[in-house]
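Below is one structure, written out as structure tokens, with a few remarks after it.
The values are calculated or read from the model by the stated rules, or taken from the named source; none is laboratory data. Please read all numbers here as calculations on a predicted model, not as lab measurements. With ideal geometry, Cβ positions are generated from the backbone for all residues, glycine too; neighbour counts draw on all protein chains shown. Protein only, heavy atoms only, side chains kept; ligands, DNA and RNA dropped before computing areas. Shrake-Rupley method; radii C 1.70, N 1.55, O 1.52, S 1.80 Å.
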Amino acid sequence: TTTFGLYFATRFNLKQQIRLVALTFAVGAFASVLMVVGMPAVGRHTTIHVGAWRGIFGDKNIFGAMMVLGSLAFYTLPIERWWDQWIKWIGIGVCFVLILLSTSKTALILSIALFLLLSFYRNFRWRGKFSVVLGSISVLVLSSAMVAFLSNWTEIVRQLGRDPTLSGRTYIWRVAFARILDQPLFGYGRSAFWAPESPYPKEVNNFMSVYYRAPHVHNGFIETALDVGLVGLILFLICLGTAFIIALQRAYKTRSPEQLWALGFLILLTANNMSESLVLRLSSIYWVLFVATVLTVKQRVPIVEEEPEIAPP
């Protein structure tokens with residue numbers, strides 16, 4: 001998976017990467033619609049979350065997360081021909097409708113928040129001393145919102161139709177934190193903590209159910225610490241942090257939509273990893289795109305200051 005991410009970054013430039021990602025998710029969206037229409041018992045949930053779309057991805061939350069990635073790819077699609085604008089907005093619209101049909105609240109909240117943030121950053125980029133004032137106001141607003149959210153945590157999650165334990169995630173995290181201290185430096189090995197013969201998932205049953213076996217810890221950062229220890233987690237955070245800073249600089253210097261891809265993807269990856277394990281677990285497209293993004297943002301390429309205006313013939 002890492003090698004493919006390396007190939008993807010070195011074989012294709014940023015514009016080509018985004019077009020390929022958008023095309024990939026367009027195929028996934030079309031195939032999912034065909035699955036629901038042709039085989040509704042497979043394309044929709046029939047036992048739990050009855051009626052929710054899962055398409056070809058097997059689970060409504062995975063389906064929703066993939067469509068968020070797809071909508072981000074279409075949002076940052078390079079505009080070089082007059083019909084690119086049509087492709088862009090049609091793709092965003094289709095992905096958003098599929099997110100609604102998946103009934104994934106996490107995907108819906110992430111997609112709305114991501115587009116609001118990117119739209120604000122793209123249209124109201126900070127300049128000079130104004131950035132200091134705006135930054136201070138942002139910290140104040142975010143701090144106030146966080147206090148209000150934490151103060152009304154239980155009520156808010158109940159209104160969203162969820163429980164305050166995030167569907168049992170906090171119980172799993174409690175066990176994971178305790179076991180990280182047993183192997184703090186280099187962890188247990190990739191996916192070894194949750195292997196079929198591992199005794200550790202049984203500890204989760206003490207908090208939840210003897211009939212449930214947790215497949216992962218439902219947090220990408222905790223999962224990384226379990227897999228490769230605090231050493232590996234710190235290295236990952238260094239890569240993530242440096243790539244994020246460079247992505248901010250790139251997005252600041254240009255109005256070209258493709259330069260927002262890295263910033264949007266890293267924000268999405270970070271936010272989604274708070275409740276899902278999307279880093280080293282399995283052969284995830286998130287890891288492929290993370291490797292490709294980290295390598296691509298460090299490449300020295302000329303940046304166009306203004307987005308070209310393409311008029312129809």
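Being modelled with pLDDT under 95, surrounded by 13 or more Cβ atoms within 10 Å (Cβ to Cβ) and touching a strand residue (DSSP E or B) at 6+ places or on another chain (Cβ under 8 Å), is that true of even one residue in segment 4-23? No, the conditions are met nowhere in segment 4-23.
One line per residue, one yes/no per condition, for (1) basic (Lys, Arg); (2) over 18 Å from Asn273 (Cα atoms); (3) open to solvent by 10 Å² or more (accessible area, probe 1.4 Å); (4) at pLDDT below 85:
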| site | (1), (2), (3), (4) |
| --- | --- |
| Ile62 | no, no, yes, no |
| Glu80 | no, yes, yes, yes |
| Gly93 | no, yes, yes, no |
| Thr103 | no, yes, yes, no |
| Thr106 | no, no, yes, yes |
| Phe120 | no, yes, yes, yes |
| Asn123 | no, yes, yes, yes |
| Phe130 | no, yes, yes, yes |
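Only one entry of Ala26, Ala41, Ala31 meets the criterion of being small (Gly, Ala, Ser) and modelled with pLDDT under 90, and that entry is Ala41.
If I ask for residues that are farther than 20 Å from Ala262 by Cβ and open to solvent by 20 Å² or more (accessible area, probe 1.4 Å), which ones from segment 222-240 would you list? If the condition is that a residue be farther than 20 Å from Ala262 by Cβ and open to solvent by 20 Å² or more (accessible area, probe 1.4 Å), then Val228, Leu230, Val231, Leu233, Ile234 are the ones that fit. Of all the residues in segment 281-309, those that are in contact with a helix residue (DSSP H, G or I) (Cβ under 7 Å, 6 or more places away or on another chain), at pLDDT below 85 and either under 21 Å from Tyr75 (Cβ atoms) or crowded, with 20+ Cβ neighbours inside 10 Å (or both) number 3.
Filtered by the rule that a residue be open to solvent by 60 Å² or more (accessible area, probe 1.4 Å) and of a type in the set (D, E, K, R), segment 189-205 gives Arg190, Glu197, Lys202. For the criterion of being hydroxyl-bearing (Ser, Thr, Tyr), over 26 Å from Val297 (Cα atoms) and open to solvent by less than 70 Å² (accessible area, probe 1.4 Å), Ser32 passes. Applying the condition of being at positive phi and within 19 Å of the chain's Cα centre (by Cα) to segment 42-60 and asking which residue is surrounded by the most Cβ atoms within 10 Å (Cβ to Cβ) yields Gly55. Scan segment 85-99 and give yes if some residue there is touching a Cys at 6+ places or on another chain (Cβ under 6 Å) and in contact (Cβ under 8 Å) with a residue 24 or more places away in the chain, otherwise no. No, segment 85-99 has no match at all.
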